[in-house]
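K.L.:
One structure, pasted below without further comment.
The numbers here are math on the coordinates, done by the rules we state, and not lab data. Since we're looking at a predicted model, the values are computed, not measured. Cβ coordinates were reconstructed from backbone atoms using ideal geometry, including for glycine residues, and neighbour counts include every protein chain displayed.
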Amino acid sequence: MKQVHHPSALDMFEDIISASKGKQIVMFLDYDGTLSPIVDDPDQAFMSDAMRGTVRKLARYFPTAIVSGRCRDKVYSFVQLAELYYAGSHGMDIEGPSKGSKYKKGAQAVLFQPASEFLPMIDEVYKELLDKTKSTEGVRVEDNKFCVSVHFRCADEKKWGELALQVRSVLKEYPKLRLSQGRKVLEIRPIIKWDKGKALEFLLQSLGYGSCADAFPIYIGDDRTDEDAFKVLRERGQGFGILVSKTPKDTHASYSLQEPSELLDG
Ligand SMILES: O=P(O)(O)OC[C@H]1O[C@H](O[C@H]2O[C@H](CO)[C@@H](O)[C@H](O)[C@H]2O)[C@H](O)[C@@H](O)[C@@H]1O
């Protein structure tokens, strides 16, 4: 992975369209920081009606999935579009449209939860983290069903080190869980080999494009966990990733957008 001043997806629009000619575009969209702006309170990360309109339009022409670290039900409550695929908990909770997809006629409804055996453990660790961190003002522990987020965006910066130690001390007892860091958030999830990249492959497969060169997957995301999906696209030599970021970053994405509003159509 190298740091590049990746070209703007807006400037490269023509190239993108011509590269996808004759192929079925499949859209993968991260939620926080991609469809919705980053805000202090995770419960208030609403997407705008204009953004919902853009996603609805995309789904009219292309199979479209939301791939998020959030609990699937939560991300659905923000997006509210029944025609989409949703992959919550960093891809560990995948569900297709309840009425089936117009892109996959006759197919059975999709529901895939590769980490279901970890549910009791995640529930337990969520409660322990709530208890352990309750004295640190501004910390927020979010239950994302197959993973847990410990937010420190609103905690005093001087407390961040102490918080990391508290979280690590809880996780010492759970060798089957791992810790990673996102945007002012510590994320705890099962060590299984499953991530947003695997979710992307699973969804392509269930749409009938598993080993097919006729698909052109586009994944748009802003965070470290989205890199797993960008990497899969690079390795498959298929489609491309678009990173949403104001600043150049180490990334496997091919293009960039500065902020969520650039996704809106005119
Ligand atoms: O995969 P994503 O859809 O990008 O989810 C990743 C995490 O997003 C949320 O946290 C981030 O957004 C919050 C709201 O803007 C912000 O307050 C927080 O600091 C960010 O890290 C979500 O709350 C987490 O559970 C997700 O894991």
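K.L.:
Taking the 0 to 90 degree range and rounding to the nearest ten, how far is the long axis of helix 49-61 tilted relative to the main principal axis of the chain, both from C-alpha atoms?
P.N.:
Roughly 50 degrees between the two axes.
K.L.:
A follow-up question, please. So how do SER135, SER256 line up by other beta-carbon neighbours within 10 Å, fewest first?
P.N.:
Details: SER135 10, SER256 26.
By the 10 Å Cβ count, ascending, the order reads SER135, SER256.
K.L.:
So how far, in whole Å, is the C-alpha centre of the stretch 128-147 from the one of the stretch 27-53?
P.N.:
The stretch 128-147 and the stretch 27-53 have Cα centres separated by 22 Å.
K.L.:
Follow-up question, since we're still on this one. What does the extension gain come out to for GLN80 and GLU157, with contour length at 0.36 nm per residue minus their alpha carbon separation?
P.N.:
Numbers: separation 77, 0.36 × 77 = 27.72 nm, distance 3.50 nm.
Extra length available between GLN80 and GLU157 comes to 24.2 nm.
K.L.:
Here's a follow-up. How do LEU130, LEU58 rank when sorted from fewest to most other Cβ atoms within 10 Å of their own Cβ? List each step's numbers first, then the result.
P.N.:
Values: LEU130 15, LEU58 19.
Ranked by crowding around the Cβ, least crowded first: LEU130, LEU58.
K.L.:
Which of the peptides 241-247, 173-179 is most tightly packed, and how do the rest follow, judged by the mean count of other Cβ atoms within 10 Å per residue?
P.N.:
On the way: 241-247: 19.4, 173-179: 13.4.
With the highest mean Cβ count within 10 Å placed first, the list reads 241-247, 173-179.
K.L.:
Among ALA164, VAL139, PRO175, whose Cα sits farthest toward the positive end of the charge dipole of the stretch 134-186 (+1 at Cβ of Lys/Arg, -1 at Cβ of Asp/Glu, about the Cα centre)?
P.N.:
Of the options given, the answer is PRO175.
K.L.:
Please report the antiparallel percentage of DSSP beta bridges with both residues in the stretch 47-180, rounded to the nearest 5. If you can, show how the numbers build up before the last one.
P.N.:
On the way: 10 of 13 bridges.
Taking every DSSP beta bridge with both residues in the stretch 47-180, the antiparallel ones total about 75 percent.
K.L.:
At 4 °C and 1.567 mPa s, what whole-number value in µm²/s does Stokes-Einstein give for the translational diffusion of the stretch 1-158, with Rh from the Kirkwood sum over Cα pairs? Present the calculation step by step, with values, prior to reporting the outcome.
P.N.:
Working: Rh = 17.9 Å.
In µm²/s, the coefficient rounds to 72.
K.L.:
Let me ask another. Using just the alpha carbons, could you tell me how many Å³ per residue the convex hull of the stretch 77-226 encloses?
P.N.:
Here the figure is 126 Å³ per residue.
K.L.:
Once you've got the Cα coordinates, tell me which of LYS158/LYS193; LYS21/LYS145; LYS127/LYS184; LYS57/LYS231; LYS104/LYS246; LYS172/LYS246 are over 30 Å apart. Can you show the working numbers first?
P.N.:
Details: LYS158/LYS193 34 Å; LYS21/LYS145 39 Å; LYS127/LYS184 20 Å; LYS57/LYS231 27 Å; LYS104/LYS246 37 Å; LYS172/LYS246 36 Å.
Violating the 30 Å Cα-Cα cut-off are LYS158/LYS193; LYS21/LYS145; LYS104/LYS246; LYS172/LYS246.
K.L.:
What 222 nm value per residue comes from the helices of the chain, counting each DSSP H run with n ≥ 4 as -39,500 (n - 2.57) and dividing by all residues, nearest 500 deg cm²/dmol?
P.N.:
-8500 deg cm²/dmol
K.L.:
Considering only the chain, what is the antiparallel percent among its DSSP beta bridges, to the nearest 5?
P.N.:
50
K.L.:
Further, regarding this structure: Rounded to the nearest 20 Debye, what is the dipole magnitude of the chain about its Cα centre when Lys and Arg each give +1 and Asp and Glu each give -1 at the C-beta? Please report the intermediate quantities before stating the final value.
P.N.:
Details: 38 positive and 39 negative charges, 126 e Å.
That gives a dipole near 600 debye.
K.L.:
If you put +1 on each Lys and Arg Cβ and -1 on each Asp and Glu Cβ, how big is the dipole of the stretch 122-175 around its Cα centre, in Debye rounded to 20? Present the calculation step by step, with values, prior to reporting the outcome.
P.N.:
Values: 10 positive and 11 negative charges, 26 e Å.
Computed charge dipole of the stretch 122-175: roughly 120 debye.
K.L.:
If you don't mind, another one. Got a sec? How would ILE220, ILE188, ILE38 order by Cβ neighbour count within 10 Å, fewest to most?
P.N.:
Working: ILE220 26, ILE188 22, ILE38 15.
Final ranking by Cβ density, sparse to dense: ILE38, ILE188, ILE220.
K.L.:
For the stretch 1-50, with the dipole built from +1 on Lys and Arg beta-carbon atoms and -1 on Asp and Glu ones, taken about the Cα centre, which of PRO7, LEU29, VAL39 lies farthest toward the positive end?
P.N.:
The listed residue farthest towards the positive side: PRO7.
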